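Below is one structure; the comments refer to it alone.
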Amino acid sequence: MNVSLKDLLSEKKPDILNIWFDEIIDTYPADTSLFLKKQKNRFHNPVGHAILHGTGEIFDKLLEGYASGRGTGAEEIAPFLDNIIRVRAVQDFTASRAVGFVFALKKAVRSALESSVRESGDIRAGLEKFDSMVDGLALAAFDIYMQCREKIYALRAEEIEKRTFRLLQQANLICEVDEEKKDLDRGE
Amino acid sequence: MRALLPFITVIVLVLLAIVGVEAANLQFLFGVVIPYAAAAIFLAGVIYKVVSWGRVPVPFRIPTTCGQQKTLPWIKQSRIENPTTSAGVITRMLLEVFLFRSLFRNLKTELREGPQLSYGSDKWLWLAGLSFHWTFLLILIRHLRFFTQNVPIPVQMLEHLDSFLQIGLPLLYITDVIFLAAVTFLLIRRFTIPQVKYISLAADYFPLFLILGIGVSGVLMRYFIKTDVVGVKELTMSLVSFSPAIPKDGPGTIFYVHLFLISALFAYFPFSKLVHMGGVFLSPTRNLANNSRMVRHVNPWNYPVKVHTYEEYENDFREKMKTAGIPVEKE
Amino acid sequence: MAKEMKPNEIIGSIDYNPPKTDWMSTPVQIKPGMFCWGAKAKSINTVGFPNARDWNPGEEDWKLPENWQGTVLEGIADRLKKYRSFRLFMDICVRCGACADKCHFYIGSGDPKNMPVLRAELMRSVYRRYFTTPGKMLGKLAGARDLDINVLKEWWYYFFQCTECRRCSVFCPYGIDTAEITIMGRELMNLLGLNIEWTMGPVAACYMKGNHLGLEPHTITSNIEFMLDDIETITGIKVNPSFNRKGAEILFVTPSGDLFADPGTYTCMGYLMLFHELGLDYTWSTYASEGGNFGFFTSNEMAKRLNSKIYAEAKRLGVKYIIGGECGHMWRVLNQYMDTWNGPADFLEVPKSPITGTVFENTKSTKMVHIVEFTADLIKNGKLKLDPSRNDHLKVTFHDSCNTARGMGFFEEPRFVAKAVCNNFYEMPEDTIREKTFCCGSGSGLNAGEDMDLRMRGGLPRANAVKFVRDKYGVNMLANICAIDRAALTTSMNYWVPGVGVTGVHELVANALVMKGEKPRTTDLRGEPLPNAGGESDV
């Protein structure tokens, strides 16, 4: 029974991706979203490119996971998810909105498969499984989001460290000439 | 709203001319007084504007360099994109003014994906901008036939070229078609490209509607609502010879609409963004040579500033400098 | 930040649509991660700027002086009379939108007010209201608006979200340069004491101590001594530079960032090794110990005050000419401003390389040579013994710094040098280099820590192109000729493109430079093992 949903998902893949992509893009200001959609040069539009490519790859992996029954396969998906979330983590989004785009996939699948979902109980059952995979994806997304934010704070700390490293070296030097020199000498 | 009001304003201008001529018989006002006034405002306004810009000094030499600088003799300089000579600067300006070089730069694309969708609007902006400005100029030159007793040969040649398609009677001018298409495109993109819509002001829509009005009334006059060309020329010639007179069997109302819209454009010109035409020649990022390491650029208002002198510095740190073995002026 | 979302709001659908108000009626929101701390009273007082007080941009009350509107409007009027660029760029924009998507901050953030045209309109709207007839008469209809506290805050927020990189001005049909408008905007901010500490701190330090980092003379020498120790460890050669030495032929000035923070220090070691190998008669100065100029990010006058030290010191020491180190905005200032401010340098001679005899005709007025020009000339004339294979562990690409690219046109020299000292060199895509180069995202004094979100957004377009060459060619080193790049891109790469390091060109030169009497090298300047380390000596 699962096979039929798989086929359906493969068949409707372009539609699903289009809807999903639009849903994500619509989280940006109106005048920006069209730029993100229309500008196809990946260097002029890194954000749009990351989303376009990321969603395609993520969907393929999910589909593979679904077909083989392996489930979400968060580790394999992580790099693609990372490409999108790394961008959103530094944009004007709350944590929930930064990763919430994952759930939009559910909506995208439903609107693309609308009629089939209504008609077939099997498809509905299959969808439940697919949905739980998307939930798994969302959890992975949240982990990545947290890593990105932690990275930002780590970078701030690192910069300070880099800037003060030579100063600390210097401080040691000063210590040597000061009264602590004796202590150091004794220690050696 | 930002588009609606300018649109209504242009409609009101059209109606004003129609009512003024048809109902109030104000031919002299619309045919003579207003055009003279508009021309005067235009001339005075543009001169004032350009002079007021020109009087502001250029304190620093700040060209935007878009190519390799002049450096070691074996490194090829980009003489136009990064000029160091007047010839280079002039060429750069000519490319800018006549071919919209900088806008054209947007064209370059590579590694694009997807189907032909990938051609961005930038290329169209350049093409439409260029077509618009060039056809506007050509049409203006063509209009010289109304302001000269004997139509100059170049103007005649232009007319021939312009109508070489030999469609319709009177012959269709290609510039008319391109002009209207370009203006329409420039207008439509203000409505449809969200970024451009977001930044557009009433002052961006108004000139477009006005120019569109001028174009449409002109086309109507030439191809559809025929007006008495002889009468038109009689009037225009009387205007340029400063002995204004409204011909008895004067041109039709449509002519007055056309003329009134032109007058409005002329009068509006110096106070609007349309003066960019004069401004482009004065733009310091384009009209200066990048030679400020070779020739000193003088800032007329350069003034002395408070600095922290070496002496003060040494006074602050003399002992530390001596300890570190750094030579000092005063022991 | 934004309001909290209920779970069902998220799961149902994400149809968040921003308020569709036009930009004039969308008040600014000062968001954390996007701005730098306000300048401290101490820093402002040091250089004698007005309204010195401690303040916090995140708070409601900015402690503005009385009649601040009047001060700003007077400031605008004054500058309209002084700068044709400002006057013209207020008048001639047609809002064609060609610049809209050229800004790295817009590309990375999607915030419409980061479109260069709109950033400038923030100022133009006020200009129209107070300085043009239609604006006075028609108000909002003519695109004019009153200068109120919200507008002021918006100015502050967005003029400190522009790195003055000038990329937009390349594409503008009238050459409108947002940097000019940002510079004016920041000058006006200064009149009210609204600068950021990240620039005012260094400005104050540079004014009193000669460099942005506030290194005192003995700290400079001991810093360099550390480097000398490292050089000796790596090459076995004892380098002996001099400081404030009268009668030297050349004064060398470089950004102080190179003295202090990695990886700039490796570039600095590169200069030291090169000059030693050449036996150049040169001196460092502790007074003019800053090539960069954060004054340029506050006001032209402040920039001039800081810049004055270079010529003053050259004159005091009696050198013949000056060599400048690798730095971006430093070279825009040296190329386009220094001679005008503090020239003519008629007490100096036209620079002539003592090694090759080349006369640098292109610097005959400023008498200041870029070290990469100097080195390119050496390499071209075969004066350096180079072993590029020592850089074989690196796959290098080159990032054009905004200021040397669009304020100078410095494209071929660094590439020539980099290719001469590295065997693996790959260009990034064409639309992202040379005059179309993308900013590091942290230029013009915005490389603080507290605005890290802003910096990462702005850094995305550049990082994205680096990522492309990393994935395609395995590029692992991003070379550049800018001290801010060396600091900022290190962080940006760390976030966006892990695995790519950042280096100055002269670090690469020094790695490849075969020095007279050196011991077989086993590591590069960073202490990383060389590709053929342990093998036969290259010397």
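Things to note:
- Residues of region C:374-392 satisfying the condition of being part of a helix (DSSP H, G or I), open to solvent by 20 Å² or more (accessible area, probe 1.4 Å) and not aliphatic (A, V, I, L, M): C:380, C:388, C:389
- Condition check for residue B:39: out of contact with any helix residue (DSSP H, G or I) (no Cβ under 7 Å at 6 or more places or on another chain), of a type in the set (A, V, I, L, M) and surrounded by fewer than 18 Cβ atoms within 10 Å (Cβ to Cβ): no
- Among the residues listed as B:227, B:148, the single one being over 22 Å from the mean Cα position of the chain (by Cα), over 25 Å from residue B:6 (Cβ atoms), surrounded by 13 or more Cβ atoms within 10 Å (Cβ to Cβ) and modelled with pLDDT of 85 or more: B:148
- Of all the numbered requirements in (1) within 11 Å of chain C (Cβ to nearest Cβ); (2) modelled with pLDDT of 90 or more; (3) closer than 30 Å to residue C:113 by Cβ; (4) surrounded by 15 or more Cβ atoms within 10 Å (Cβ to Cβ), residue A:95 misses one, and that requirement is (2).
- From the list C:271, C:311, the lone residue that is over 15 Å from residue C:343 (Cβ atoms), more than 18 Å from the chain's Cα centre (by Cα) and of a type in the set (Ser, Thr, Tyr) is C:271.
- Neighbours by Cβ (under 7 Å, 6+ apart or cross-chain): first from region C:442-453, more than 9 Å from chain A (Cβ to nearest Cβ); second buried (at least 24 other Cβ atoms within 10 Å of the Cβ) and acidic (Asp, Glu): C:443/C:164; C:444/C:164
- Among the residues listed as C:178, C:182, the single one being of a type outside the set (Gly, Ala, Ser), surrounded by 24 or more Cβ atoms within 10 Å (Cβ to Cβ), in contact with a Ser or Thr (Cβ under 8 Å, 6 or more places away or on another chain) and farther than 23 Å from residue C:50 by Cα: C:178
- Qualifying position, being at pLDDT 85 or above and either open to solvent by 10 Å² or more (accessible area, probe 1.4 Å) or within 14 Å of another protein chain (Cβ to nearest Cβ) (or both), among A:53, A:44: A:53
- Given (1) more than 22 Å from the chain's Cα centre (by Cα); (2) touching a residue at least 12 places away in the same chain (Cβ under 8 Å); (3) more than 28 Å from residue B:319 (Cβ to Cβ), number of the condition residue C:279 does not satisfy: (2)
- Pairs meeting the criteria (first residue in region A:132-156 and on the phi > 0 side of the Ramachandran plot and more than 13 Å from chain C (Cβ to nearest Cβ), second residue of a type outside the set (A, V, I, L, M, F, W, C) and open to solvent by less than 20 Å² (accessible area, probe 1.4 Å), beta carbons under 6 Å, at least 6 apart or on different chains) are lacking.
- Hits in region C:423-445 - residues which are open to solvent by less than 20 Å² (accessible area, probe 1.4 Å) and more than 15 Å from residue C:196 (Cβ to Cβ): C:428, C:429, C:431, C:432, C:433, C:436, C:437, C:438, C:439, C:440, C:441
- Taking region B:73-102 as the range and being at the interface with another protein chain (Cβ under 8 Å from one of its Cβ atoms), open to solvent by less than 10 Å² (accessible area, probe 1.4 Å) and farther than 14 Å from residue C:174 by Cα as the test, only B:82 passes.
A quick yes/no check of all residues on (1) at the interface with another protein chain (Cβ under 9 Å from one of its Cβ atoms); (2) assigned to a strand (DSSP E or B); (3) among the hydrophobic types (A, V, I, L, M, F, W, C):
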{"site": "C:134", "(1), (2), (3)": "yes, no, no"}
{"site": "C:146", "(1), (2), (3)": "no, no, no"}
{"site": "C:153", "(1), (2), (3)": "no, no, no"}
{"site": "C:180", "(1), (2), (3)": "yes, no, no"}
{"site": "C:187", "(1), (2), (3)": "no, no, no"}
{"site": "C:212", "(1), (2), (3)": "no, no, no"}
{"site": "C:215", "(1), (2), (3)": "no, no, yes"}
{"site": "C:224", "(1), (2), (3)": "no, no, yes"}
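- Test: residue in region A:110-121 that is part of a helix (DSSP H, G or I) and open to solvent by less than 10 Å² (accessible area, probe 1.4 Å): no
- In the set (1) closer than 30 Å to residue C:403 by Cα; (2) touching a helix residue (DSSP H, G or I) at 6+ places or on another chain (Cβ under 6 Å); (3) more than 7 Å from every other protein chain (Cβ to nearest Cβ), the condition left unmet by residue B:305 is number (3).
- Search result, residues across region C:436-464 that are more than 14 Å from residue C:104 (Cα to Cα) and not hydrophobic (A, V, I, L, M, F, W, C): C:445, C:447, C:449, C:450, C:451
- Taken together, C:116, C:57 contain a single residue that is open to solvent by less than 10 Å² (accessible area, probe 1.4 Å) and more than 12 Å from chain B (Cβ to nearest Cβ), which is C:57.
- Looking across region C:189-220, just one residue is among the β-branched types (Val, Ile, Thr) and open to solvent by 10 Å² or more (accessible area, probe 1.4 Å), and that is C:219.
- Test result for residue B:67, closer than 26 Å to residue B:95 by Cβ and without any contact (Cβ under 8 Å) to a residue 60 or more places away in the chain: yes
- Residue B:281 meets all of the listed conditions (1) closer than 26 Å to residue B:93 by Cα; (2) within 30 Å of the chain's Cα centre (by Cα); (3) crowded, with 21+ Cβ neighbours inside 10 Å but one, namely (3).
- Enumeration of residues in region C:446-456 that are open to solvent by less than 10 Å² (accessible area, probe 1.4 Å) and not in a loop (DSSP other than H, G, I, E, B): C:452, C:454, C:455, C:456
- Every residue from region A:11-35 that is at the interface with another protein chain (Cβ under 7 Å from one of its Cβ atoms), modelled with pLDDT under 80 and open to solvent by less than 50 Å² (accessible area, probe 1.4 Å): A:29, A:30, A:31, A:32, A:35
- Qualifying residue in region B:255-278 (condition: closer than 30 Å to residue C:203 by Cα and in contact with a Gly (Cβ under 6 Å, 6 or more places away or on another chain)): no
- Extreme residue, nearest to the other protein chains (Cβ to nearest Cβ), among residues of region C:393-418 that are out of contact with any helix residue (DSSP H, G or I) (no Cβ under 7 Å at 6 or more places or on another chain) and open to solvent by 10 Å² or more (accessible area, probe 1.4 Å): C:412
- Residue match in region B:311-324 (condition: touching a residue at least 24 places away in the same chain (Cβ under 8 Å), open to solvent by 70 Å² or more (accessible area, probe 1.4 Å) and within 9 Å of chain C (Cβ to nearest Cβ)): no
- Looking at region B:150-243, the helices (runs of 4 or more DSSP H) lying wholly inside it that each contain 1 or more residues that are among the basic types (Lys, Arg) and within 29 Å of residue C:115 (Cα to Cα) sit at B:174-192, B:194-199.
The values are calculated or read from the model by the stated rules, or taken from the named source; none is laboratory data. Nothing here was measured: the structure is a model prediction, and the numbers come from that model. All Cβ positions, even for glycine, are placed from backbone atoms using ideal geometry, and neighbour counts span all protein chains on display. Calculation scope for accessible area: heavy atoms of the full protein, side chains included, ligands and nucleic acids excluded. Shrake-Rupley method; radii C 1.70, N 1.55, O 1.52, S 1.80 Å.
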